[in-house]
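To keep things clear, I will list the structure first and then write my remarks on it.
The values are calculated or read from the model by the stated rules, or taken from the named source; none is laboratory data. Remember, predicted model here, so these are calculated numbers, not experimental data. In this analysis, Cβ positions are derived from the backbone assuming ideal geometry, glycine residues included, and neighbour counts consider all displayed protein chains. In case anyone asks, the SASA skips ligands and DNA or RNA and just uses the protein heavy atoms, side chains included. Shrake-Rupley method; radii C 1.70, N 1.55, O 1.52, S 1.80 Å.
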Amino acid sequence: MVKSEGPKLVPFFKATCVYFVLWLPTSSPSWFSALIKCLPIFCLWVFLLAHGFSFLCAHSSARKILAGLIFSALGDAFLIWQEQGYFEHGLLMFAITHILYSSAFGMKPINVHAGLVISAASFLCYLLLYPYLSGPFTYLVAVYIALIGFMGWRAIAGLQLANDLWTWTKLSACLGAVLFMVSDLTIAVNKFCFPVPHSRAIIMATYYAAQMLIVLSAVECQDVEAARKRT
């Protein structure tokens, strides 16, 4: 899978490098900085579309992840202007993204233990943030944590290391979801609680890695089906 999909991810890696090399100041939001920030996500759109419309038509999970990437890009753009009052708009876009990703990961297997662990972790995160929240953020952050926690549960629940065909697919989704949660928790702590050293680098590195892994979890389904047909 890595050998076959790796070269197709070169534009994504280049776009990510461009973002970190330019490192445009967040104090001066512009459409150019929004473009540079969203460019790696655009490359992931192209990466998925490159697998063909027949692939997207045949795999609802891939379509949902593509839709999630579109809302993610909108969220990224809104967050460029978060100091101008668009943070809530970005929050909404990413909330929709998590709903789409959760649907893509599916509800089977249930994996109650994973659900309990994620629920406990989500509750602890909200307890950490709660004293610093006020106004609408008191409930908006609670809803968002519930949604990203649910997404994380569905990704982790599907991890079945005993089945070789599905190991890397589910592991990609699992790692991607965990990194997404790390990224968003860093955003929340940095915005509401206290400054996190190197927060922007942590947030964006984990975010881009998360999106790449989640996208890989979608296209690996194609490899799994091809392997099944050969056996």
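What the table shows:
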| quantity | calculated |
| --- | --- |
| Carbon and sulfur %, accessible surface of region 110-155 computed with the full protein complex present, 1.4 Å | 80 percent |
| Farthest toward positive dipole pole in region 42-187 [+1 Lys/Arg, -1 Asp/Glu at C-beta], among TYR130, ILE187, ILE110 | ILE110 |
| Cα pair distances exceeding 17 angstrom across region 105-147, given as percent | 40 percent |
| Positive-pole candidate from PHE13, GLY75, ALA205, dipole of the chain, charges at beta carbon | PHE13 |
| Å² of accessible area per residue within the chain, as computed with a 1.4 Å probe and no ligands counted | 51 Å² |
| Acute angle (nearest 10 degrees) that the helix 164-188 long axis makes with the longest principal axis of the chain, alpha-carbon atoms | 10 degrees |
| P(r) of region 101-207 over all Cα-Cα pairs, binned every 5 Å from zero, in whole percent | 2, 13, 20, 21, 18, 13, 8, 4, 1, 0 |
| All Cα pairs of the chain, percent lying beyond 21 Å | 56 percent |
